[in-house]
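So the structure is just underneath, and the comments pick up after that.
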Amino acid sequence: MIIKDLYSVNESIRDREVRVIGSEGEMLGVMSSRDAQHLADDAGLDLVKISPNANPPVCKIMDYSKFKYEQAKRDKENRKNQTVIEVKEIRLSMTIDVGDIAVKTKQCLKFLEAGNKVKVSIRMKGRENARSYQGVKVMQDFFEGLEGKAVQDKKPATEGRHITMMLSPVKA
């Protein structure tokens, strides 16, 4: 995010009257933008329009470069603390064997422990479409194999040729 685009500074403020806030946060009142600019120049600071939609617009006398630096630092900290939740997918088949289910369950547990959501899907082919209940049973068995480490966001449902289920990690 570019801060310069968000705020009008000094001579770029074209409003006739502005409400001015001093550098210490004190209200200086409504005055012409030229007078406000003179106050900012006398203090050796910048006049920054912080609320352009107010009537009259609100401007603050501050050190703009310091404000930009602190804002960039705050944005960087917020991005660092942000967690991105990905949706991982595990594909099963209706004729999956016990050993294969164990491998898929282990992989699903890795995804869940990493904090990701997991989409479990089965694609039905040919005659399997007539027996979608078997696919739902495979999904239920798979979910039971996760030993309570997952929560079903979306129960197994048949949508055309696919059976899908959404899982998310259990919150501690």
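The values are calculated or read from the model by the stated rules, or taken from the named source; none is laboratory data. Treat the numbers as computed from the prediction; the structure is a model and nothing was measured. Reconstructed Cβ throughout: ideal geometry from the backbone, glycine too, with neighbour counts over all protein chains shown. The area values use the complete protein model at the heavy-atom level, side chains included, leaving out ligands, DNA and RNA. Shrake-Rupley method; radii C 1.70, N 1.55, O 1.52, S 1.80 Å.
Does segment 77-96 contain at least one residue that is of a type outside the set (A, V, I, L, M) and open to solvent by less than 40 Å² (accessible area, probe 1.4 Å)?
no
Taking segment 98-140 only, how many residues are in contact (Cβ under 8 Å) with a residue 12 or more places away in the chain, farther than 17 Å from SER168 by Cβ and aliphatic (A, V, I, L, M)?
6
Which residues, taken from segment 63-86, are touching a residue at least 40 places away in the same chain (Cβ under 8 Å) and touching a Lys or Arg at 6+ places or on another chain (Cβ under 8 Å)?
Once the filter is applied, which keeps residues that are touching a residue at least 40 places away in the same chain (Cβ under 8 Å) and touching a Lys or Arg at 6+ places or on another chain (Cβ under 8 Å), segment 63-86 yields only LYS68.
Give me the helices (runs of 4 or more DSSP H) completely within segment 54-172, filtered to those with at least 2 residues that are among the aliphatic types (A, V, I, L, M), ordered by residue number.
Correct list: 98-113, 132-144.
Would you point out which residue out of ALA40, ALA54 is loosely packed, with under 14 Cβ neighbours inside 10 Å and hydrophobic (A, V, I, L, M, F, W, C)?
Being loosely packed, with under 14 Cβ neighbours inside 10 Å and hydrophobic (A, V, I, L, M, F, W, C) holds for just one of ALA40, ALA54, which is ALA54.
Only one of these conditions is not met by LYS60: (1) loosely packed, with under 10 Cβ neighbours inside 10 Å; (2) touching a residue at least 12 places away in the same chain (Cβ under 8 Å). Which number is it?
(1)
Quick one: PHE143 ticks every box in (1) surrounded by 15 or more Cβ atoms within 10 Å (Cβ to Cβ); (2) closer than 16 Å to VAL87 by Cα except a single one, so which number is it?
For PHE143, the exception is condition (2).
Which of the residues that make up segment 117-140 are open to solvent by 20 Å² or more (accessible area, probe 1.4 Å) and closer than 10 Å to LEU167 by Cβ?
LYS117, LYS119
Which condition number does GLY148 fail, the rest of (1) surrounded by 11 or more Cβ atoms within 10 Å (Cβ to Cβ); (2) under 17 Å from LEU167 (Cβ atoms) being met?
The number of the failed condition is (1).
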